[in-house]
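Shown next, in structure tokens, is the structure this report addresses.
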Amino acid sequence: MENITNVDFVHGEFDIVCVLEGSYTEIDDTIIASRKISNIRKTTTLTAFDTHLE
């Protein structure tokens, strides 16, 4: 899954947070593929955008 640019293990509602970058289609395909991994019971998608405001 080459579109995953960062993975963090966290505590709380989420166990693993992955950052994906790429086109909408690439990101969507990666999300769908990750949902097919055995032992994954639940996924939640949070879409965030970098606004480059400084």
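The values are calculated or read from the model by the stated rules, or taken from the named source; none is laboratory data. Just so it is clear, the structure is predicted and the values come from calculations on it, not from any experiment. Every residue, glycine as well, gets a Cβ built from its backbone with ideal geometry; the counts of neighbours run over all protein chains shown.
Of all the residues in the range 8-23, those that are within 18 Å of residue 50 (Cβ to Cβ) and either aliphatic (A, V, I, L, M) or within 12 Å of the chain's Cα centre (by Cα) (or both) number 7.
Out of curiosity, is residue 31 at pLDDT 85 or above, surrounded by 12 or more Cβ atoms within 10 Å (Cβ to Cβ) and not acidic (Asp, Glu)? For residue 31, the condition - at pLDDT 85 or above, surrounded by 12 or more Cβ atoms within 10 Å (Cβ to Cβ) and not acidic (Asp, Glu) - is met. Among all positions in the range 7-21, there is no residue which is among the charged types (D, E, K, R) and at pLDDT 90 or above.
The single condition from (1) under 11 Å from the mean Cα position of the chain (by Cα); (2) in contact (Cβ under 8 Å) with a residue 12 or more places away in the chain; (3) closer than 16 Å to residue 1 by Cβ that residue 44 fails is (3).
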